[in-house]
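Only the coordinates and a few stated rules stand behind these numbers; no lab work does. None of these values were measured; they are calculated from a predicted model. No Cβ is skipped: glycine too gets one built from the backbone with ideal geometry, and neighbour counts run over all protein chains shown.
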Amino acid sequence: MDPEKEKEIKEAAIKYKNQYLELVTAARKKLADAAEAKKATEEKTKSIKQVTPVEIHEYNTVNASCSTRLLSNPHLKKEANEDCVKEGKKRIIGKQGDRSKVEEGEESSEGE
């Protein structure tokens, strides 16, 4: 064979090899995308739980009993908030020292 023909054959082989590699990578990418899509749909279906009417009824009755029971005594919440505020002020005074007492005195005179 003459050298030009051998060179053409080698170039054609390289060309076909590159085309084959492109096809293989495209096929792998397509398979990976399909697997990701399948996994995403499976995760979506797993997160959705079918609820029976009995469970809905139980959920509603429990929520209703808790809301009536907890709302019947609003003083507990108010007292707890006041206690938290007092404790917070004590901590601030302890950390800031005299400066916070001066600021507190200014605030109380403005509020009156």
Please work out whether the stretch 3-72 counts as rounded, prolate or oblate from its C-alpha gyration tensor, where a ≥ b ≥ c are the square roots of the eigenvalues and a/c under 1.5 means rounded, while otherwise a/b larger than b/c means prolate and anything else oblate? prolate
Apply 1/(1 + (r/R0)^6) to the Cβ-Cβ distance of V85 and E58, taking R0 = 41 Å, and write down the FRET efficiency to the nearest 0.05. 0.60
Just name one of Q19, H57, P3: the one whose Cα is farthest towards the positive end of the charge dipole of the stretch 3-72 (beta-carbon charges, Lys/Arg +1, Asp/Glu -1). P3
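Multiply the residue gap between I92 and R28 by 0.36 nm, knock off their C-alpha separation, and tell me the result in nm, one decimal place.
The span from I92 to R28 would gain 16.8 nm if fully extended.
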